[in-house]
Amino acid sequence: MLLNTIANQTIALAGISQAAVLVQQLATTGTADSSALEASIGSLFISDEQGVANVYGGLSGINLGVLQLNDQMTGLKIANPEQARYAASLVFLENQLAKQPAMLKTIFTGIERAQAQSEHFGLLHENVLANLGDIYHTTVSTLQPRIMVNGEQEYLSKPDVVNKIRACLLAGIRSAILWKRCGGTRWKFLFYRKKIQAELQILLKQL
């Protein structure tokens with residue numbers, strides 16, 4: 001049973017934010033923060049029964065997400081509208097996905113297969129990322145509205161970069177599921193904004 005605390009909800013929100021950052025990095029530069037990428041992809045294979053932070057391999061795993069979420073929430077205007085759009089879209093798509101039990105089952109089965117692959121090849125091996133990318137493409141990507149990723153065409157035309165982007169979007173959906181399981185809702189995000197900001201300051205001191 002996950003505790004419905006602001007602390008847990010904020011960690012899961014940072015997980016969503018981190019996935020959004022990684023998608024933007026990959027789409028615009030072709031590369032991404034390697035430790036953050038490993039933590040986000042790894043979150044797909046870790047049960048949340050071990051605690052919310054442990055899903056990301058500890059708080060250090062969502063360092064990038066905490067920093068980015070803090071940036072997005074401290075200014076009067078959104079620091080990075082593109083990232084905010086990706087994050088909001090992931091939360092919306094998770095809601096759509098929750099109404100599709102058969103699709104969820106397909107995703108979980110695919111992730112189990114990718115986990116077995118990762119134990120053999122390594123977490124960020126191209127085969128594992130291709131498998132995760134394919135899971136996203138054949139399931140979540142069929143839901144409306146699809147997430148339109150903006151970036152440089154030279155990177156968006158590379159299959160390995162596309163696989164990483166899709167795998168990160170799948171990790172973002174995983175964090176959105178986690179956020180909901182911790183009691184996160186859109187109205188809480190709006191009305192508990194100051195509490196989330198205060199929690200982010202606590203997390204930043206722990207990083």
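The values are calculated or read from the model by the stated rules, or taken from the named source; none is laboratory data. Fair warning: this is a prediction, and the values are worked out from it, not measured in the lab. For neighbour counting, all protein chains shown are included, and Cβ atoms are generated from backbone atoms with ideal geometry for every residue, glycine included. For the accessible areas, the whole protein counts, side chains as well, though only heavy atoms, and no ligand, DNA or RNA atoms are used. Shrake-Rupley method; radii C 1.70, N 1.55, O 1.52, S 1.80 Å.
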Note down the Stokes-Einstein diffusion coefficient of the chain in µm²/s, whole number, using a Kirkwood radius over alpha carbon pairs, 10 °C, and 1.306 mPa s.
-> 94 µm²/s
Specify the angular offset, from 0 to 90 degrees and rounded to the nearest 10, of the alpha carbon long axis of helix 193-206 from the longest principal axis of the alpha carbons in the chain.
-> 70 degrees
Here, the range 62-128 modelled as identical Cα point scatterers in vacuum has Debye log10 I(q)/I(0) at q = 0.15 Å⁻¹ of -0.77
Any lysines with Cα under 20 Å of the K195 Cα? List them, leaving off those in the same chain fewer than 8 positions away.
-> K77, K180, K205
Using a ≥ b ≥ c from the Cα gyration tensor of the range 17-95 (square roots of the eigenvalues), is it rounded, prolate or oblate, where a/c under 1.5 gives rounded and otherwise the larger of a/b and b/c decides, a/b for prolate?
-> prolate
Would you kindly work out the equivalent ellipsoid of the range 92-138 from its C-alpha gyration tensor and give its semi-axes, the square roots of five times the eigenvalues, largest first in whole Å?
-> 23, 10, 7
For G30, what is the net charge nearby, where nearby means another residue's Cβ is under 10 Å from its Cβ and Lys, Arg count +1, Asp, Glu -1?
-> -1
Which of these, G58, G75, G30, has the largest mean-square fluctuation under a Gaussian network model of the chain (Cα springs below 10 Å)?
-> G75
Solvent-accessible area per residue, Å², over the chain with all protein chains present [probe radius 1.4 Å] | 49 Å²
Loop sites only, by DSSP: take the trypsin sites (Lys or Arg not before Pro) in the chain that have at most 15 other C-beta atoms within 10 Å and name the longest stretch containing none of them.
-> 1-76
Count the net charge of all other residues whose Cβ sits under 15 Å from the Cβ of K77, scoring Lys and Arg as +1 and Asp and Glu as -1.
-> 0
Taking the Cα atoms only, what angle lies between the long axis of helix 81-98 and the longest principal axis of the chain, rounded to 10 degrees?
-> 70 degrees
In degrees rounded to 10, the 0-90 angle between helix 6-29 Cα long axis and the longest Cα principal axis of the chain is 50 degrees
Using only Cα atoms, locate the centre of the range 159-203 and the centre of the range 90-130, then give the distance between them in Å, rounded to an integer.
-> 17 Å
Cβ under 11 Å from K158's Cβ, K158 left aside: what net charge do those residues give with Lys, Arg +1 and Asp, Glu -1?
-> -2
Report, to the nearest whole %, how much of the accessible area of the chain belongs to carbon and sulfur atoms, 1.4 Å probe, protein only.
-> 55 percent
